[in-house]
Amino acid sequence: METDSYTEDRLLGERILLRQPKTGYRVAIDPIFLAAAIQPQPGETVLDIGSGVGAASLCLAMRCPQVRVVGIELHRESVRYAAENSQLNQLRDRVEVLQGDLLRPPPRLAAGTFSHVMTNPPHLNSNSNNISPYESKALSNLEGEADFAQWARFCLLMVRPKGTVTFIYRADRLDQALGFLIGKLGNITLYPLWPGQNKPAKRILIRGTKNTGGLMKLQPGIVLHNSNGQYTADADQILRHAKGIEW
């Protein structure tokens with residue numbers, strides 16, 4: 001469905017109906033892979049930081065029916081869409097997105113209370129020349145008042161001891177991410193998303209556990225596309241069949 005202001009799109013092989021603006025930030029595959037990377041136990045609560053219109057939160061809640069997801073999003077219009085999407089997918093009882101700034105979070109978010117935190121932080125630094133003219137896309141892609149270190153610091157604040165923090169981030173900024181996370185998270189695991197065979201990764205999943213040690217691990221990751229441009233069978237299992245990632 002398409003109107004003058006928004007479209008209705010489908011994720012996870014028609015399982016999720018997603019209403020999103022026609023212009024500005026548009027959901028791609030990053031939030032789907034982020035949600036697939038979380039392995040919660042029944043009854044656990046997950047925090048989605050920078051949740052946008054709720055794509056990752058909804059995908060996780062659909063795959064894990066006994067898990068509750070809370071999101072925080074700065075852009076007020078995106079929060080409105082996220083609320084509509086929760087209702088459209090009959091997930092209002094398990095998916096809630098709050099409007100707020102991670103530097104000044106809503107008082108309802110209590111530190112150290114989430115079993116898992118997931119986030120797709122802005123991946124362009126403030127000096128980038130590739131800034132979208134659309135406010136929602138610029139807010140989603142461009143580091144503003146909160147840089148990666150502040151974004152990650154908030155993740156660490158909100159997750160409980162022994163809980164996991166998972167990022168999807170630009171592979172070419174991995175050094176910056178690890179420079180902050182090493183010593184603050186243990187059991188850090190890296191999972192590259194390869195666009196195709198023999199092509200460098202553009203995105204990488206990073207997961208670590210709070211208050212633990214453990215060596216860093218580099219997983220084989222996943223190849224997204226075949227030579228004909230279609231998704232590989234492994235990628236299709238995640239994108240269309242709601243399969244979780246096996247770390």
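Taken over the stretch 218-234, the residue count meeting the criterion of being part of a loop (DSSP other than H, G, I, E, B) and over 11 Å from Thr189 (Cβ atoms) is 8. Criterion first (assigned to a helix (DSSP H, G or I) and open to solvent by 70 Å² or more (accessible area, probe 1.4 Å)) does Gln237 satisfy it? Answer is yes for this residue. Restricted to the stretch 152-179, and to residues there that are open to solvent by less than 30 Å² (accessible area, probe 1.4 Å) and assigned to a helix (DSSP H, G or I), the residue that is nearest to Met118 (Cα to Cα) is Cys155. Among the residues of the stretch 213-231, the ones that are open to solvent by less than 60 Å² (accessible area, probe 1.4 Å) and under 15 Å from Ala201 (Cα atoms) come to 6 in all. The set of residues from the stretch 195-217 being more than 21 Å from Pro121 (Cβ to Cβ) and either outside any loop (DSSP other than H, G, I, E, B) or of a type in the set (A, V, I, L, M, F, W, C) (or both) comprises Leu215, Lys217. State the number of residues belonging to the stretch 54-69 that are open to solvent by less than 10 Å² (accessible area, probe 1.4 Å) and either of a type in the set (A, V, I, L, M, F, W, C) or assigned to a helix (DSSP H, G or I) (or both). Here the count works out to 9. Take the stretch 13-28 and flag every residue that is touching a residue at least 60 places away in the same chain (Cβ under 8 Å) and either more than 23 Å from Pro195 (Cβ to Cβ) or surrounded by 21 or more Cβ atoms within 10 Å (Cβ to Cβ) (or both). Within the stretch 13-28, Arg15, Ile16, Leu17, Leu18, Arg19, Gln20, Pro21, Thr23, Gly24 qualify. Restricting attention to the stretch 1-12, the residues that are open to solvent by 30 Å² or more (accessible area, probe 1.4 Å) and either of a type in the set (S, T, N, Q) or part of a loop (DSSP other than H, G, I, E, B) (or both) add up to 4. Against the list (1) under 19 Å from Arg63 (Cα atoms); (2) open to solvent by less than 90 Å² (accessible area, probe 1.4 Å), the condition Thr209 fails is (1). Any residue that is crowded, with 20+ Cβ neighbours inside 10 Å, among the small types (Gly, Ala, Ser) and touching a Pro at 6+ places or on another chain (Cβ under 7 Å) - is there at least one of those in the stretch 29-50? Yes, there is a match, as at least one residue in the stretch 29-50 is crowded, with 20+ Cβ neighbours inside 10 Å, among the small types (Gly, Ala, Ser) and touching a Pro at 6+ places or on another chain (Cβ under 7 Å). Only one of the listed residues (Leu47, Leu103, Leu98, Leu58) is closer than 22 Å to Lys243 by Cβ and of a type outside the set (Phe, Trp, Tyr). That residue is Leu58. Would you please name the residue that is nearest to the chain's Cα centre (by Cα), looking only at residues in the stretch 100-122 that are farther than 19 Å from Gly163 by Cβ and surrounded by fewer than 17 Cβ atoms within 10 Å (Cβ to Cβ)? Residue satisfying both the conditions and the ranking: Asp101.
Might you check whether a residue that is polar (S, T, N, Q), within 20 Å of the chain's Cα centre (by Cα) and modelled with pLDDT of 95 or more occurs anywhere in the stretch 192-206? No, the stretch 192-206 contains no residue that is polar (S, T, N, Q), within 20 Å of the chain's Cα centre (by Cα) and modelled with pLDDT of 95 or more. When you look at Ile49, is it closer than 23 Å to Phe154 by Cα and aliphatic (A, V, I, L, M), yes or no? Yes: the conditions hold for Ile49. Taking the conditions (1) surrounded by fewer than 20 Cβ atoms within 10 Å (Cβ to Cβ); (2) part of a strand (DSSP E or B) in turn, Glu84 satisfies each one other than (2).
The values are calculated or read from the model by the stated rules, or taken from the named source; none is laboratory data. Given the structure is predicted, the values throughout are model-derived calculations rather than measurements. When we count neighbours, we look across all protein chains shown, and the Cβ atoms used for this are built from the backbone with ideal geometry, even at glycine. Surface accessibility is based on the protein's heavy atoms, side chains included, excluding ligands, DNA and RNA. Shrake-Rupley method; radii C 1.70, N 1.55, O 1.52, S 1.80 Å.
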